[in-house]
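All remarks here apply to the structure that follows.
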Amino acid sequence: MKIKKVLVSQPKPASEKSPYYDIAEKYGVKINFRPFIKVEALPAKEFRQQKITILDHTAVIFTSRHAIDHFFNLCTEMRITIPETMKYFCVTEAVALYIQKYVQYRKRKIFFGQTGKIEDLAPAITKHSGETFLTPMSDVHNDDVKNLLDKLKVKHNEVVMYRTVSNDFGQDEEFDYDMLVFFSPAGVTSLQKNFPDFDQKDIKIGTFGSTTAQAVRDAGLRLDLEAPTVQAPSMTAALDMFIKENNKEK
C-alpha cells in the first residue's frame, strides 16, 4: 500500500524550510503534525513535596527547552531569585541558546554538548566537579543523567518539574493515516489510550530512538521504520528513504 498521508507526532515546524515539506512535495504525500503528548507544569505545591531546595544547587543540567521553561517559571512562581553565579549545562547548543530567554548568556557559565547525548557533558561536568547539580525533568524520564552523575561522583539531585500527558484526540478528529511517526514512548502510550481498539493492518509505524522503538514492540505493534541509522541519522532522512522505497512501482 502506497503511503499518501503521514502523521508526525510533533508540533508543526516553525520554518517553511523544514525537510518534512520537501518530502511532502517530492513524493506527493500529505504530512500532518499532531503531537500525541503535551507538557504541563507541576504546581509549586507538588514540587515542594519532593523536598528539593533549588538554591542548594550551584549548577543546572537542561536536557530540553521544556526543562528550561518550567525551571524558570517555577522559580518565578515561588519567588526564587537565581544567583548570577549559577552554571548551566545543556545537551545541545540550541538548548543552551534558549536560556537567553531568561538569563544573560555568558559563555563562562553555560556549557553544551555537540550530539545531544548526555555523555557529551562529562568533560565539562568533571571540570566543575565541585558544583552541586540539579536536573529538572518530566515525570516520564530515564535515568541516563542520574547514572552519568553517579559515575562521575558529583553531588546531584533530579527533580520533576513538569508532566508529560496524553494529548487526546477529539471525536470529530480524523485518523486516516497510512503512516504514524513517534518520537517518545509516551506518544505510543497515548495512541493506545486514544484508540484502545487500534488495528494496525497496513498502517506503517516509524520511530526515532531505541526506547520509542521498544515501546512500539512492547505494545504488540509492528515496527516498520526505526531511526536513527548510519545511513539516516535524522527522522526526515529515514522517512525520505522509506517513502521512496515503499511508494516505488512494484
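So here's what we get for this one:
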| read-out | value |
| --- | --- |
| Which numbered condition Ala44 misses (of (1) of a type in the set (Gly, Ala, Ser); (2) assigned by TED's automatic domain parsing to the domain that holds Thr189; (3) touching a residue at least 24 places away in the same chain (Cβ under 8 Å)) | (2) |
| Looking only at the range 52-67, and only at residues there that are among the aliphatic types (A, V, I, L, M) and in contact (Cβ under 8 Å) with a residue 40 or more places away in the chain, the one that is surrounded by the most Cβ atoms within 10 Å (Cβ to Cβ) | Ile61 |
| Single match in Val39, Val29, Val91 (criterion: among the β-branched types (Val, Ile, Thr) and at pLDDT 95 or above) | Val29 |
| Selected residue [among the charged types (D, E, K, R), touching a strand residue (DSSP E or B) at 6+ places or on another chain (Cβ under 8 Å), touching a residue at least 12 places away in the same chain (Cβ under 8 Å) and surrounded by fewer than 17 Cβ atoms within 10 Å (Cβ to Cβ)] from Lys101, Lys109, Lys87, Lys146 | Lys146 |
| Any hit, the range 164-177, residues being over 30 Å from Leu134 (Cα atoms), at pLDDT 95 or above and buried (at least 16 other Cβ atoms within 10 Å of the Cβ) | yes |
| Flag for Glu173 being assigned to a loop (DSSP other than H, G, I, E, B) and either closer than 25 Å to Asn247 by Cα or of a type outside the set (S, T, N, Q) (or both) | yes |
| Residue count for the range 109-119, restricted to those that are farther than 14 Å from Leu149 by Cβ and either touching a helix residue (DSSP H, G or I) at 6+ places or on another chain (Cβ under 6 Å) or modelled with pLDDT of 90 or more (or both) | 6 |
| Phe198 vs. criteria aromatic (Phe, Trp, Tyr), in contact (Cβ under 8 Å) with a residue 24 or more places away in the chain and surrounded by 12 or more Cβ atoms within 10 Å (Cβ to Cβ) | no |
| Residue in the range 48-62 that is at pLDDT below 95, touching a strand residue (DSSP E or B) at 6+ places or on another chain (Cβ under 9 Å) and not assigned by TED's automatic domain parsing to the domain that holds Pro11 present | no |
| Residue, farthest from Ala238 (Cα to Cα), within the range 157-174, restricted to residues that are in contact (Cβ under 8 Å) with a residue 60 or more places away in the chain and not aliphatic (A, V, I, L, M) | Asn157 |
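The values are calculated or read from the model by the stated rules, or taken from the named source; none is laboratory data. As the structure is a computational prediction, the values presented were derived from the model and not from experiment. Methodologically, a virtual Cβ is constructed for each residue, glycine included, from the backbone with ideal geometry; neighbour enumeration extends over all protein chains shown.
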